[in-house]
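Each remark here refers to the structure printed beneath this line.
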Amino acid sequence: MQFCELTEKEYRAFWENHPLKSFLSAVEIGKLKKLSNWSVSYVGVKKEKKIVAASMLVAKKRHFNRYEFYSPRGYLLDLKDEELLSFFTKELKKYLKDKKAYVFRVDPYLIYKERDIDGNIVENGIDNSSVVRNLTKLGFKKVPLNETEQVTWMFSLDLENKNENDILKEMKPNVRNIIHKTEKFGITVKEISYDELERFQSIMEETGARRNFAIRDLTYFQNMYKLFSKNNEIKYFITELNLKDYIERLNQEKKEKEEKVASLSSAKYNDNQKQSLINEITAIDKRIKEAEEIIERKKQDIITLSGSMFMLIKPEIIYLSSGNYEEFMKFNSQYLIQWELIKYGLKNGFKKHNFYGIPANINTHPKDYGIYEFKKGFNGYVEELIGEFELPISWHYKLIKLIRKLKK
């Protein structure tokens, strides 16, 4: 086996066909990092001139003229092959010492232990504890969950060998009903172009301010679009509602219910049905009034409800970012966006719809449990990755860790 530097072309070809590939280990993410003054290189292992292992390395100078090296969603190799893992790690460590590294970080796109929809470990399921043990033997240190850079817990839905009816039947009934209602209301899902990304950013800023979390700036979303859109690997969507059409639909529904009430006889056994219909008519009147008030307040007929960002790199679609205008959350348009992308995945040969991040240890009902409940409604399963690891390269590692701890 031979440890060597790889060209971008060699790395991309290997990444394209590797089972552990992720959008985060794509060449484009390296190019994104370069815009933030990280350097990028590619290394690997060749066996009989064939690449059997690879990693994209991004590096940035830190304290004492020493460098932090990181392989986003690396390594790309058979992590259960102890000989290959050991050889690559030891040779990489030598290579990084020459590059004045003090630490190497890695967070493989590998399941730790298979879990079910409720986050419980599946008996006799996937178990990659041996990989964690082997990384530890090689000197890697597990990074605490609250300090990891990337998502460790996710929620996913298999699309392989399924059709739209299969997916709908397996959803929770309330989610299926919400989707039907959004379609009935006339909510539309619109893919937006580069020039419209400010609309998406505006939604994200409102959401971040409301929920008290940091939001990427517009430049990030623009750069991601420029890097990934040429291969149709990224899509941004917004949902819209034409309020005049919505009011017309409501008036038509109201008319049908009024006719139904009028058709019922005055017999006692119709009282409950009549009252139920009257209550529904009252609710429709309320929605009509609310819609009219929005038109008056906004001085426009078409309103934007929500937005979402997706990465589309086979075999999976990843739901990466999203936001909603608070006053329009009652329209539940995010359910419709998910459904549209699930249908897209089915039609275009994707094997998985990855709803992406959920709180860790979900079966203990942690904070933000509602994020998981939203995703769980579509059916699927919890995925826990093996997490992030650090490999100390020089004695500066402990000193720099101490400095960062004191700064915090």
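Every number in this text was worked out from the coordinates using simple rules, so none of it is lab data. What you see is a predicted model, and the numbers here were worked out from it, not measured in a lab. Cβ sites come from the backbone with ideal geometry, for glycine too, and all protein chains shown count toward neighbours.
Structure summary
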| read-out | value |
| --- | --- |
| Rel. contact order, % - alpha carbon contacts under 8 angstrom, at least six apart, region 1-145 | 19 |
| At least 15 Å along the helix axis (C-alpha) and Kyte average at least -1.0, DSSP helices within the chain | 82-98, 173-185, 197-211, 218-228, 333-347, 396-407 |
| Relative contact order (percent, whole number), the chain, Cα cutoff 8 Å, 6+ residue spacing | 25 |
| Global form of region 247-287, assessed from the alpha-carbon gyration tensor, a/c cut-off 1.5 | oblate |
| Ascending count of other beta-carbon atoms within 10 Å, so fewest first, for Ser322, Ser229 | Ser229, Ser322 |
| Region 252-408 - share of DSSP beta bridges that are antiparallel (%, nearest 5) | 75 |
| Taking His63, His353, His18 and counting other C-beta atoms within 10 Å, the order from fewest to most | His63, His18, His353 |
| When each of Lys21/Lys352; Lys21/Lys97; Lys286/Lys375; Lys367/Lys401; Lys31/Lys401 is checked by Cα-Cα distance, pairs over 18 Å | Lys21/Lys97; Lys286/Lys375; Lys367/Lys401; Lys31/Lys401 |
| DSSP loop GluC sites (Glu not before Pro) with at most 12 other Cβ within 10 Å: longest gap in the chain | 161-408 |
| Dipole magnitude of region 247-287, debye to nearest 20 (Cβ charges: Lys/Arg +1, Asp/Glu -1, about Cα centre) | 80 |
| Cut-off 10 Å between beta-carbons: net charge of the residues surrounding Val122, Lys and Arg +1, Asp and Glu -1 | -2 |
| Top of Gln222, Gln338, Gln300 by mean-square fluctuation, Gaussian network on the chain, Cα under 10 Å | Gln300 |
